[in-house]
Number of protein chains: 6
Amino acid sequence: MTRADGRASNELRPITIDTEFLKHPEGSVLITVGETKVICTASIEDRVPPFMRGSKKGWIAAEYSMLPRATEQRNIREAAKGKLSGRTMEIQRLIGRSLRSVVDLTQIGERTIWIDCDVIQADGGTRTASITGAFVAMTMALAQYKKQEKIKSLPIKDYLAAVSVGIDHKQQELLDLCYTEDAAADVDMNIVMTGNGQFVELQGTGEEASYSREQLQRLLDLGEKGLQELFAVQKAVLGEAAEQIGKKTEEKES
Amino acid sequence: MTRADGRASNELRPITIDTEFLKHPEGSVLITVGETKVICTASIEDRVPPFMRGSKKGWIAAEYSMLPRATEQRNIREAAKGKLSGRTMEIQRLIGRSLRSVVDLTQIGERTIWIDCDVIQADGGTRTASITGAFVAMTMALAQYKKQEKIKSLPIKDYLAAVSVGIDHKQQELLDLCYTEDAAADVDMNIVMTGNGQFVELQGTGEEASYSREQLQRLLDLGEKGLQELFAVQKAVLGEAAEQIGKKTEEKES
Amino acid sequence: MTRADGRASNELRPITIDTEFLKHPEGSVLITVGETKVICTASIEDRVPPFMRGSKKGWIAAEYSMLPRATEQRNIREAAKGKLSGRTMEIQRLIGRSLRSVVDLTQIGERTIWIDCDVIQADGGTRTASITGAFVAMTMALAQYKKQEKIKSLPIKDYLAAVSVGIDHKQQELLDLCYTEDAAADVDMNIVMTGNGQFVELQGTGEEASYSREQLQRLLDLGEKGLQELFAVQKAVLGEAAEQIGKKTEEKES
Amino acid sequence: MTRADGRASNELRPITIDTEFLKHPEGSVLITVGETKVICTASIEDRVPPFMRGSKKGWIAAEYSMLPRATEQRNIREAAKGKLSGRTMEIQRLIGRSLRSVVDLTQIGERTIWIDCDVIQADGGTRTASITGAFVAMTMALAQYKKQEKIKSLPIKDYLAAVSVGIDHKQQELLDLCYTEDAAADVDMNIVMTGNGQFVELQGTGEEASYSREQLQRLLDLGEKGLQELFAVQKAVLGEAAEQIGKKTEEKES
Amino acid sequence: MTRADGRASNELRPITIDTEFLKHPEGSVLITVGETKVICTASIEDRVPPFMRGSKKGWIAAEYSMLPRATEQRNIREAAKGKLSGRTMEIQRLIGRSLRSVVDLTQIGERTIWIDCDVIQADGGTRTASITGAFVAMTMALAQYKKQEKIKSLPIKDYLAAVSVGIDHKQQELLDLCYTEDAAADVDMNIVMTGNGQFVELQGTGEEASYSREQLQRLLDLGEKGLQELFAVQKAVLGEAAEQIGKKTEEKES
Amino acid sequence: MTRADGRASNELRPITIDTEFLKHPEGSVLITVGETKVICTASIEDRVPPFMRGSKKGWIAAEYSMLPRATEQRNIREAAKGKLSGRTMEIQRLIGRSLRSVVDLTQIGERTIWIDCDVIQADGGTRTASITGAFVAMTMALAQYKKQEKIKSLPIKDYLAAVSVGIDHKQQELLDLCYTEDAAADVDMNIVMTGNGQFVELQGTGEEASYSREQLQRLLDLGEKGLQELFAVQKAVLGEAAEQIGKKTEEKES
């Protein structure tokens, strides 16, 4: 089977991650996955939200937005509407929770890492691209903090990336859905995984449809294949910082 | 292993579903799962939201809320705050999407089924109890509509229920977490399934933790066990309406 | 004259007050007045709102809400609309003000008693049922606090209950209007009274109509009759706590 | 007994009503009651709110606001806060309901009369001054409409005015409380009455206090005395329009 | 050329400034410019906004609003809409910024001067009338503070007034546009100037039109002529306070 | 005098305008002015806002936003705050008004051109860069519409660009202020001009300062010099479309 864009069912779209994309943030990337483009930035603030004060731990908070014309049809800005949609809130919570799972928050002290994911062009998979890109931006921000000796070691326990898989109307399983595939899919699943193959998030949804346990297994296989490729891209762009991922944790545990 | 409340790891809490709980709604239940109590109502409105107009299909929309003192500590009302939390939006979207997967929306015409899930007492698992209870309220509302000949047949394709599973700090897998178990869990997963064992939603989250594919398999086994018991409870309380579930669809397909 | 539901014009609907209705709140009741059902809870918080800080006095704040399908037609949630209606605000202010009139706020210290009245089924008289039920929930919460020796005596000066009276299109005066009577009434009056027959609130409204001073007198007679019956119900369910109402105040004054 | 400002307990403050105060509105007055000053305008719009469409009846809607520095301390604008307070909503609803009771809404057709009451200086009694002044503004707006033959007769059934009465800490009953009296009162009551002595609204509140039925009678006597004086002031300023009040209704009924 | 109201192109409308217009504010005026009427008040608060704390300087904040029926057609209140329009925000910012330019904020200490401009009747030029009137209200408030020895000298560096100029469809340049002229103008310019002829604000807008540098010069000439007349009116009403304007600054500089 | 970045006082920062920057919008550019980077898109919608319906004219509406980390310190998103700041509203209104002045709105029919300016990196002059870039995006969108024969001719009457000028603490006049210059400036002026040297907007503000008429003249000279250079950049990137600017209008007028 070939897809609309000529990909095999188990093939990712071309991916690039441009680092140091913006001047001001501690870490920033432009991640491009096919036609999907997301600016991910990591900003470190020297305080935590009220519910964390006194905990001696840090926090990671994520925000997500789309430019009005990131999409085929122009969307009304959430700032103009005066409230965030449920979709936006869901994605923001997902990104934050995912990143928190691979960071040793006790090592960053009472600081907040703000992750901002702004989609400038959307063609499916914006939330997974956001996680994959935000991991790089955050790692680079923390690596810089380490270089400046604001923290002792890089508090990243493992790689983290995300990918979508799905089942189309002909019951074919696909890796990394573009927008037209996503809109037509019976089942849509997002997988967030660590470098050593552990699940952090698994969200599989049948929209007016359902899927069997066997289909689930095949979707997980597809996803794992794609995620290995994403980890390789992350490792390549992280350079020197890549070597420190997972280090501290090992030492601490020994 | 025994749990705080004496249950085995693969044991559900006691469940009751009181039907015709309120006077006005087309369908209404009080579902009690251990100490968790949710009023679920189904209201049928003779129009659909703007994006569905002219589609000749119906829609199912869900809203979820907690009484301020459903919880150990009093929560500020979302109506007083003037906005819904991300958690509430996420749950509302999950309930609506889940129910839509087992209803033939073309058979109900341009009508909206409003599902309201109001938690009057919370002890973990409020979103899964909401889905399990709302399915019964909705089925009874539609069965009444059929009796009144407003629709030709019961447009319910299959049973639908939801349950939580999770992994605690000792890496033990548990079915149907109560609040204290949920708050302490490393991994929390909600499974929404149809009567014939198909997944509608699978949401597994590691909060500052992760889980392996083997653990996932065991969690799915636990969940399926609990869901079979929930389907039995639903069937028992639905009485006559239970027999019509899935009927129409078969005829249509033959 | 007989009413739609067979009552005499000076007859209350059947009333029950179920105490300890919910697990978490310090005090909670389900009050049922005919078909009207309200969950009233009292929560005690160890601080007061900013304008009371340093006053050495407590505060009582009330919130009121209806489930969307408490009514014949489904109502849009105020949380979804993002703001409270004028009617809700008016009722909340009435409940709080009424309860404050019978509590010695200096005896509870800088604490807030949160009263939550959630109407799960509405058939007229929800604000008066809320006051009558909330008085019981609040008294039980404070009685428990006294038992736990967090306060020295029960700071309740007198009983408090509320009832509606009205005048229908045939100029007949009625006690305790149900929804259809209320919707059709020319004059609608809510009376909040203490156990010794003093008025706390009197709100009498002619909707596109008016009433004479003689009619007012007869409405007050009707209301007083009903309120005596409500005090009796409150006394019965309060048990032991009933005996302490008004005690402390007498001692203090002697 | 003499009051702070030298008035007898049953004496109103000096009242003036300046008509045609603003250029644009169909009717407008500046009402001055002692130091309280309110601009009341009546605007007629050729349509009704959605819930009235097709009813062939008109509607009266009222809005109330205070300039930030109408009061001793500057208040934050509700427009800046982004929402109306409960107090404002309560007053708006009271003004609208009161005026609707003396207008034959079927005679104005599907039109809305917007009443705007803007307090430019506050010294107690702003809501009662608003009603008394708004009645004049509205009557003049409708009289002009009649002159322009947009309506056949003046659809005002009777005069309408409002006054406050109260009980102070020494248990003295007072007419027309100024701000310092109001702030210190045990009981505060607003009476809205028609020209022929019928009640339209009666709202009597004990703030952390209560009042007996005998006290209520004396307060009503006081209020009626003051209201007769207010009707005389209204009659004087209305001039020619005064003669038409109540006319049409009589003819119609004969 | 003569204008609709008979004025010459370089003629201001009649202006009056009534001082001590309201009882409560430290300074208050009613400024009347033709048919435009604005209540301007100045309130002094003994604290500054968070971003100024610790600066030992004061702040001036302005708010602007219109009564709903200040205009030909009734406007919806911004308090009812729940948000300020862009136009209102722009005007508020302009008034505050303008006044800050002539006050020595270090001399008032950590205090905020709140300027409230409430338009009760609008006929063009409400923002310029607000600035011209607010300058007088503010000066009188500060003069009173000086008299009460809360500040050492009047911290007003110079006079401040504002006027509009514009170009109509026939390319004629006009001073002080009324509403009908403003609505039809090709170019609309607001000039805010100090007593010694320095610009504080210059905002010239072509609405679907533009203007040459020569036209700009002539507009500035027109504006300067009008502003000199406005300074004279301000000086006349300020009386004794007028003599202290600019004094302190001179002493300080010498 | 030399500036911090080595520029002469009358020198613009380096400018680039990348066209067709995004896939979906009808027109889109990335404009870079020194370190300031703004994505400007033009989207054409086949309807106008309610107040324009039936006018047979089109409309141009602009929205402006900054990424949270476009700035040195992270800003809270306006979508998260739930409302737009006054600054944002002011800028949006300025951009829309400016662009409308050079478009013949009758030629585009009842369509809305949505202009979105999203600042991804800010270093001063974001509003002027937005206007200069948006003009190009809009022109390209309309040129495409003409190519598709949806409109008969390019309805652009002239070029349009904007630049800032200012006066620093040493009374030196500067062209095109970067952020540090802008933050320290006594006077800040934005000039929006058409290709033939007509003013569309002139906004000159003294922040706690003022400026003389002579200074104004020199600032206008500086601005005009910079604007000529901006028109040249626009012309270069517009290519073929550049030749059609102003064409139609000439023909129409002849």
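The values are calculated or read from the model by the stated rules, or taken from the named source; none is laboratory data. Since the model is a prediction, treat every value here as computed from it, not as a measurement. Backbone-built Cβ (ideal geometry, glycine too); neighbour counts: all protein chains shown.
Whether any residue in region A:105-126 is away from chain F (no Cβ under 14 Å), surrounded by 24 or more Cβ atoms within 10 Å (Cβ to Cβ) and within 30 Å of A:ASP5 (Cβ to Cβ) is what I want to check. Yes, some residue in region A:105-126 is away from chain F (no Cβ under 14 Å), surrounded by 24 or more Cβ atoms within 10 Å (Cβ to Cβ) and within 30 Å of A:ASP5 (Cβ to Cβ). Among residues of region E:1-24 that are touching a residue at least 12 places away in the same chain (Cβ under 8 Å) and closer than 16 Å to E:ASP123 by Cβ, those with a Cβ under 8 angstrom from a residue that is surrounded by fewer than 17 Cβ atoms within 10 Å (Cβ to Cβ) and not charged (D, E, K, R), sequence gap 6+ or separate chain, pair up as E:ARG3/E:SER9; E:ALA4/E:THR180.
Out of the strands (runs of 3 or more DSSP E) lying entirely within region E:154-254, which hold 3 or more residues that are within 21 Å of the chain's Cα centre (by Cα)? Show your work before the answer.
Details: elements: E:160-167, E:173-175, E:187-194, E:199-206.
Answer list for region E:154-254: E:160-167, E:187-194, E:199-206.
Within region D:194-211, restricting attention to residues that are among the β-branched types (Val, Ile, Thr) and touching a residue at least 40 places away in the same chain (Cβ under 8 Å), the residue that is surrounded by the most Cβ atoms within 10 Å (Cβ to Cβ) is D:VAL200.
Yes/no per residue for (1) farther than 17 Å from F:TYR159 by Cβ; (2) at pLDDT below 95; (3) part of a helix (DSSP H, G or I):
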residue	(1), (2), (3)
F:LEU84	yes, yes, no
F:GLY96	yes, no, yes
F:TRP114	yes, no, no
F:CYS117	yes, no, no
F:ASP123	yes, no, no
F:THR128	no, no, yes
F:GLY133	no, no, yes
F:MET138	no, no, yes
F:LEU142	no, no, yes
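Checked against the criterion of being within 14 Å of chain A (Cβ to nearest Cβ), among the aliphatic types (A, V, I, L, M), within 19 Å of B:SER28 (Cα to Cα) and touching a Ser or Thr at 6+ places or on another chain (Cβ under 9 Å), the candidates B:ALA137, B:ALA162, B:ALA141 yield just one match: B:ALA162.
Of the residues that sit in region E:51-74 and are of a type in the set (S, T, N, Q) and either under 14 Å from E:ASP123 (Cα atoms) or touching a strand residue (DSSP E or B) at 6+ places or on another chain (Cβ under 9 Å) (or both), which one is surrounded by the most Cβ atoms within 10 Å (Cβ to Cβ)? Step by step, filter region E:51-74, then rank; the result is E:SER65. If only residues of region A:82-105 that are aliphatic (A, V, I, L, M) and touching a residue at least 12 places away in the same chain (Cβ under 8 Å) are counted, the one that is farthest from A:ARG47 (Cα to Cα) is A:ILE91.
Of all the listed residues (D:ALA79, D:ALA61, D:ALA70), the sole one being touching a Ser or Thr at 6+ places or on another chain (Cβ under 9 Å) and either without any contact (Cβ under 8 Å) to a residue 24 or more places away in the chain or closer than 22 Å to D:LYS247 by Cβ (or both) is D:ALA79. Considering only residues in region D:12-32 that are among the hydrophobic types (A, V, I, L, M, F, W, C) and within 13 Å of chain E (Cβ to nearest Cβ), the one that is surrounded by the most Cβ atoms within 10 Å (Cβ to Cβ) turns out to be D:VAL29.
Is at least one residue of region A:11-19 among the aliphatic types (A, V, I, L, M), at pLDDT 95 or above and part of a strand (DSSP E or B)? Yes, region A:11-19 contains a residue that is among the aliphatic types (A, V, I, L, M), at pLDDT 95 or above and part of a strand (DSSP E or B). Any residue in region C:59-72 that is away from chain D (no Cβ under 14 Å), of a type in the set (A, V, I, L, M, F, W, C) and out of contact with any His (no Cβ under 8 Å at 6 or more places or on another chain)? Yes, the conditions are met somewhere in region C:59-72.
Go through region A:47-57 residue by residue and tally those that are over 21 Å from A:GLN92 (Cα atoms) and under 24 Å from the mean Cα position of the chain (by Cα). Even if it seems obvious, please write down each step before you answer.
As a first pass, look at region A:47-57 and keep what is over 21 Å from A:GLN92 (Cα atoms): A:53-56.
Pick out the ones that are also under 24 Å from the mean Cα position of the chain (by Cα) and you get none.
Result for region A:47-57: 0.
Only one of E:ARG87, E:ARG93, E:ARG97, E:ARG77 is basic (Lys, Arg), facing another protein chain (nearest Cβ under 7 Å) and within 30 Å of D:ILE115 (Cβ to Cβ). Can you tell me which? Working first, answer last.
Numbers: E:ARG87 fails: facing another protein chain (nearest Cβ under 7 Å); E:ARG93 fails: within 30 Å of D:ILE115 (Cβ to Cβ); E:ARG97 fails: within 30 Å of D:ILE115 (Cβ to Cβ).
Going through E:ARG87, E:ARG93, E:ARG97, E:ARG77 in turn, just one is basic (Lys, Arg), facing another protein chain (nearest Cβ under 7 Å) and within 30 Å of D:ILE115 (Cβ to Cβ): E:ARG77.
Considering region A:58-87 alone, what residues qualify as being of a type outside the set (A, V, I, L, M), under 19 Å from the mean Cα position of the chain (by Cα) and under 18 Å from A:LYS37 (Cβ atoms)? If you could, list the steps in order and put the result at the bottom.
Restricting attention to region A:58-87, the residues satisfying the condition of being of a type outside the set (A, V, I, L, M) are A:58-59, A:63-65, A:68-69, A:71-75, A:77-78, A:81-83, A:85-87.
Applying the additional criterion that residues be under 19 Å from the mean Cα position of the chain (by Cα) yields A:59, A:63-65, A:86-87.
Answer for region A:58-87, where residues must be of a type outside the set (A, V, I, L, M), under 19 Å from the mean Cα position of the chain (by Cα) and under 18 Å from A:LYS37 (Cβ atoms): A:GLU63, A:TYR64, A:SER65.
Filter region F:194-225 down to residues that are within 8 Å of chain E (Cβ to nearest Cβ) and either of a type in the set (A, V, I, L, M) or under 21 Å from F:SER130 (Cα atoms) (or both), then give me how many there are. Steps first, please.
Keep residues of region F:194-225 that are within 8 Å of chain E (Cβ to nearest Cβ), which gives F:194, F:197-213, F:216, F:220.
From what's left, either of a type in the set (A, V, I, L, M) or under 21 Å from F:SER130 (Cα atoms) (or both): F:194, F:197-205, F:209, F:216, F:220.
Counting residues in region F:194-225 that are within 8 Å of chain E (Cβ to nearest Cβ) and either of a type in the set (A, V, I, L, M) or under 21 Å from F:SER130 (Cα atoms) (or both) gives 13.
Here D:ILE39 does not fit the description of being crowded, with 22+ Cβ neighbours inside 10 Å and either on the phi > 0 side of the Ramachandran plot or part of a helix (DSSP H, G or I) (or both).
Could you grab me the full set of residues in region E:103-126 that are among the small types (Gly, Ala, Ser) and over 16 Å from the mean Cα position of the chain (by Cα)? Quick ask: steps written out before the conclusion?
Quick first cut of region E:103-126, residues among the small types (Gly, Ala, Ser) only: E:109, E:122, E:124-125.
Matches in region E:103-126: E:GLY109 only.
Yes or no: region A:33-48 includes at least one residue that is within 14 Å of chain B (Cβ to nearest Cβ) and farther than 19 Å from A:LEU160 by Cβ.
Initially, region A:33-48 is screened for residues within 14 Å of chain B (Cβ to nearest Cβ), giving none.
Within region A:33-48 (the criterion being within 14 Å of chain B (Cβ to nearest Cβ) and farther than 19 Å from A:LEU160 by Cβ), the answer is no, since none of the residues qualifies.
Of the residues making up region B:31-63, those that are charged (D, E, K, R) and more than 16 Å from B:THR19 (Cβ to Cβ) are B:GLU35, B:GLU45, B:ASP46, B:ARG47, B:ARG53, B:LYS56, B:LYS57, B:GLU63. Any idea which of C:GLN144, C:GLN148 is free of Cβ contacts under 8 Å to residues at least 40 places away in the same chain and surrounded by fewer than 24 Cβ atoms within 10 Å (Cβ to Cβ)? That would be C:GLN148, the only listed residue that is free of Cβ contacts under 8 Å to residues at least 40 places away in the same chain and surrounded by fewer than 24 Cβ atoms within 10 Å (Cβ to Cβ).
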